[in-house]
Amino acid sequence: MDVFSHWLWGQGLTRNKISWKVAGLMGVLPDLVAFIPNSIYMAINGIERVRVDENSVTADMPFAWSIYQWSHSFFIVAVLFGCAYFWLQKKGYSKDECIQTSWYFVLPWLVHILIDIPGHSIEFFPTPFLHPFSDMMFDGVRWSTWWFFGLNLIGLIALWYFVLKREKDQSIEEIADTAARA
């Protein structure tokens, strides 16, 4: 999926639970940690930039694939959850607060992986969600396929409609409560 969509999914699903900057970044980090070092590696070694199109294959970017396998793994999501949990615990938060905050922290990363599973074909960066325990991957479609991208767009519109509607309804309730107390 494109990074803009991953950013919006991450922000929408964690709206008002964690910082929008953290949520957006966590939504795009699985790709950034793979493809930014790949770009740097290619530039340093004088390797011509790969033009990504419908004929591109994973083998065109072996360095990115090495990192991508880890960044798109549920194992890494679990590690991040554990790190966040123990960090919050050291800060003195309750067990429930640690679990809830850690969950919202990793949710954008997890959803990134879940969207990428059907949104990547076997030929071009299939999502190794069980790495390093299994090589199981699904042969999805490229996220740029018109109907897949369309479903993504519909999903994002629906998500943001409900998020913003809920916020508006809560604001109206707060105004009504304030007026009733006055």
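The table below lists the values:
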| read-out | value |
| --- | --- |
| Prolate/oblate/rounded label for segment 29-85 (Cα gyration tensor, a/c 1.5) | prolate |
| Surface accessible to a 1.4 Å probe, per residue, for the residues of the chain, Å² | 61 |
| Violating pairs (Cα-Cα greater than 19 angstrom) within the set K21/K91; K21/K168; K17/K165 | K21/K91; K21/K168 |
| Selected from A34, A43, A64 as most flexible by GNM, with the chain as the system and alpha-carbon contacts under 10 Å | A43 |
| Distance (nanometres) between label positions extended 7 Å along Cα→Cβ at A158 and D60 | 3.2 |
| Radius of gyration and maximum dimension Dmax of segment 62-111, Cα, Å | 12.9, 43 |
| Stokes-Einstein diffusion coefficient of segment 33-128, Kirkwood radius over Cα pairs, 25 °C, 0.890 mPa s, in µm²/s | 161 |
| Top positive-direction residue, dipole computed over segment 46-161 with Cβ charges, set W70, P118, I99 | I99 |
| The chain - charge dipole about Cα centre, Lys and Arg +1 at Cβ, Asp and Glu -1, debye rounded to 20 | 640 |
| Extension reserve of the T145-D2 stretch, reckoned as 0.36 nm per residue once the Cα distance is removed | 50.3 nm |
| Kirkwood-Stokes translational diffusion coefficient of segment 87-137, alpha-carbon pairs, 25 °C, 0.890 mPa s, µm²/s | 189 |
| Relative contact order (percent, whole number), the chain, Cα cutoff 8 Å, 6+ residue spacing | 25 |
| Theoretical ellipticity at 222 nm over the chain - DSSP helices of four or more residues, -39500 (n - 2.57) apiece, nearest 500 | -23000 deg cm²/dmol |
| With all protein chains modelled, accessible area of E174 [1.4 Å, Å²] | 120 |
| Segment 57-179: C-alpha pair distances exceeding 18 Å, % | 67 |
| Gyration tensor (alpha-carbon) shape descriptor, segment 1-43, a/c threshold 1.5 | prolate |
| Computed accessible area, K17, all protein chains, 1.4 angstrom probe, square angstrom | 110 |
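The values are calculated or read from the model by the stated rules, or taken from the named source; none is laboratory data. Just so it is clear, the model here is predicted, and its values are computed rather than measured. Reconstructed Cβ throughout: ideal geometry from the backbone, glycine too, with neighbour counts over all protein chains shown. Please note that ligands, DNA and RNA were not included when accessible areas were found on the heavy atoms of the full protein model with its side chains. Shrake-Rupley method; radii C 1.70, N 1.55, O 1.52, S 1.80 Å.
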